[in-house]
1. Over the chain, with the other protein chains present, what is the accessible area per residue in square angstrom, probe 1.4 angstrom?
2. Only Cα pairs within less than 10 Å get springs; with that Gaussian network setup on the chain, which residue of 25, 105, 259 has the largest fluctuation?
3. With every protein chain left in place and a probe of 1.4 Å, what is the accessible surface of residue 135, to the nearest 10 Å²?
4. Of 155, 226, 203, which has the largest mean-square fluctuation in a 10 Å C-alpha GNM of the chain?
5. Please report the projected area of the chain's Cα convex hull averaged over all directions, in nm².
6. Compute the distance in nm between two label points, each set 7 Å from the Cα along the Cα-to-Cβ direction, one at residue 234 and one at residue 129.
7. Quick one: accessible surface of residue 235, probe radius 1.4 Å, all protein chains present, in square angstrom to the nearest 10.
8. List the lysines whose Cα lies under 25 Å from the Cα of residue 247, skipping any in the same chain that are fewer than 8 positions away.
Amino acid sequence: MHITVESIQQFNRYFYQPTYHPLVSVGRLQNADLSLFEPTDFQMYCVVLMEVDFGELVLRDTCVRYRGGTMFTMKPGDIVSMNLDSRVKPHGLMLAFRPELLNGSGLGRDFYMFNFFDYKIAEALELYDSERHVITNCFNNISSELQAPDDEFTSHMLRLGIGQMLTFCRRFYERQFDTRQMRTSSLARRLESLVDNYLSDESDLPRCQGTPTVAWCAREFHLTPSYFSECVRREIGTTPQLFLQNKIIEKAKSLLANSSLPINDIALRLGFIYPNHFARLFQQKTGMSPRAFRKLINHQ
């Protein structure tokens, strides 16, 4: 069982505060009713800054304890709860905005850039002190706009404020990718080994599961596909989809050159259900058909 918060008015009741706008609110966690930390689906987009470590967060079947200065996000349908630390009072800020705010707006048009709403809670944003100050100012600016007299520019200004905060989050995530890349520079080697083993002659995975996918690789790294894709892009300089396609073609060339397997069998061996899909990808990547490539290799 879980609580469902369907409106900003209902959200504000948990914080004992008035509703200034029907689609946006900012709450201070130190003012919240403790029942808010029970399993809850907020049915809206949320950005949370935890200013202290006050317990263990549970989201998407994962538990994690954050230090102060950590941000995480939620999207409609996420069910989140906190195992509160009785020794520490909750302290932080929480922005909530309804999906309708995005309709027909520049914020909605650009929202694809903020894919961190799909990240796992273990992939939260750990802010430096200077970044924390910037994000706190964003919260305060949105709060000030909410409490200003309502006029024809209010919703527009709120979208601009939210867009600014989310853009800063994206910038700080990019910094975090760079920092973690220095600590995990083996990602490229690990990924190469993972895919090589998947496609090896001893492996039955292609026959059972098909060609290797980005989602499968992400699971092997215990990351969401979006976060995994960002890590690969930052370290390897290409998308994981292109990386996998190149590895498949590399293995296909080896089989065409060093075995007598029929081309249809090679396609099945690589995980393709339909051999013509393999032939199309091979033609796209090499400029020739598998049959022409084999003929060329045999002639040489």
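The values are calculated or read from the model by the stated rules, or taken from the named source; none is laboratory data. All figures in this text were calculated on a predicted structure; none of them were measured in a lab. Cβ coordinates were reconstructed from backbone atoms using ideal geometry, including for glycine residues, and neighbour counts include every protein chain displayed. Just the protein is used for accessible areas: all its heavy atoms, side chains included, with ligands, DNA and RNA removed. Shrake-Rupley method; radii C 1.70, N 1.55, O 1.52, S 1.80 Å.
1. Averaged over the residues of the chain, the accessible area is 51 Å².
2. Comparing 25, 105, 259 in the GNM, the peak value goes to 259.
3. For residue 135, the solvent-accessible surface is approximately 0 Å².
4. Its mean-square fluctuation being the largest, the pick is 203.
5. Mean projected area for the chain: 19.5 nm², to one decimal.
6. Computed distance between label sites residue 234 and residue 129 equals 2.3 nm.
7. 50
8. Output for residue 247: 285, 295.
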